[in-house]
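Okay, so here's the structure we're looking at.
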Amino acid sequence: MSKPVKAMVTEDLRARYTGVRSACVVDMTGMNVQEQQGLRATLRGKGSRLEVIRNSLARRAFADGPLGPLGTVLDGPCALVTTTGSGIDLAKTLVEAAREFSKLKLKQAILDADPDLLTVELLSRMKGQRELVGEIAMLISSPGRALAACLRSPQAKIAGCLKAMIERAEQAA
């Protein structure tokens, strides 16, 4: 490939992956065409995209962007999987796909442009945004639930009876 063509392809890759902040690197060596198409269809159904790109061109294209740290793991035959959604959900999808396609090897991943790389398996075990929001909502509402439980307790009923007796005594006096 000539230098002008490489420069053009690098710029195209840079433009294509500019907004991408989470991605996973996988190895599809040994997978036949039907398995690769099945994997692509599975990923497409989850809002993800798998693309085999030349490692040297990808390293150049990612160098100054959020996917820059992935350049260190781009060696040998590999493919890049990106998503428009959550990187954690993407990792979970890839781990499920690796169970279905035994020859799929999961390598490294980057989450929200964090310079620290994670293994895809580790990333898949993390809690996603929905799970974290649910936990936060539960923590916020738990003091209110505890107060409501106290108000409905037997002590609250006794306190209500005492209050009613005091009010009757005040009315009688």
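Quick note: the coordinates plus some simple rules give every number you see, no bench work behind them. These figures come from a predicted structure and were not determined experimentally. Please note: Cβ atoms are built from the backbone with ideal geometry, for glycine as well, and neighbour counts cover all protein chains shown.
Rg and Dmax in Å for the chain, alpha carbons only: what are they?
Reported Rg and Dmax, both Å: 27.5, 104.
When you count, for each residue, the other Cβ atoms within 10 Å and take the mean per peptide, how do 53-62, 25-34 rank with the highest first?
Numbers: 53-62: 18.9, 25-34: 15.1.
The densest-packed peptide leads the list: 53-62, 25-34.
Mind pulling the angle between the C-alpha long axis of helix 33-45 and the longest principal axis of the chain? Nearest 10 degrees, somewhere in 0 to 90.
Result, in degrees: 40.
On C-alpha positions alone, give me the angle between the axis of helix 3-16 and the longest principal axis of the chain, in degrees, nearest 10.
10 degrees
With an 8 Å cut-off on Cα pairs and a minimum separation of 6 or more residues, tell me the relative contact order of the chain in percent.
Values: 216 pairs, mean separation 43.3, N = 173.
Relative contact order here is 25 percent.
Quick one: 3J(HN,Hα) in Hz for segment 95-103, Karplus 6.51/-1.76/1.60 with θ = phi - 60°, rounded, Gly and Pro as x.
5, 5, 5, 5, 5, 6, 10, 5, 8
Where does the Debye-calculated log10 I(q)/I(0) of segment 74-119 sit at q = 0.14, 0.17, 0.20 Å⁻¹, using only Cα point scatterers of equal weight, no solvent?
The Cα Debye sum returns log10 ratios of -0.35, -0.52, -0.71.
Can you give the percent of C-alpha pairs in segment 55-141 whose distance is more than 18 Å?
50 percent
Once amide H atoms are placed 1.01 Å from N in the peptide plane, what residues at a sequence separation of 5 or more from Asp114, or on another chain, have their amide H within under 5 Å of its amide H?
none
To the nearest 10 degrees, how steeply does helix 154-172 sit against the main Cα axis of the chain, on a 0 to 90 scale?
With both axes taken from Cα atoms, the answer is about 40 degrees.
Would you calculate, for the chain, the mean residue ellipticity at 222 nm contributed by helices, counting each DSSP H stretch of 4 or more residues as -39,500 (n - 2.57) and dividing by all residues, to the nearest 500? Provide the component values of the computation, followed by the final result.
On the way: 7 runs with 96 residues, N = 173.
One gets -18000 deg cm²/dmol as the mean residue ellipticity at 222 nm.
First select every other residue whose beta carbon is under 11 angstrom from the beta carbon of Ala61; then total the charges, Lys and Arg +1, Asp and Glu -1.
Spelling it out: positives minus negatives among the neighbours equals +3.
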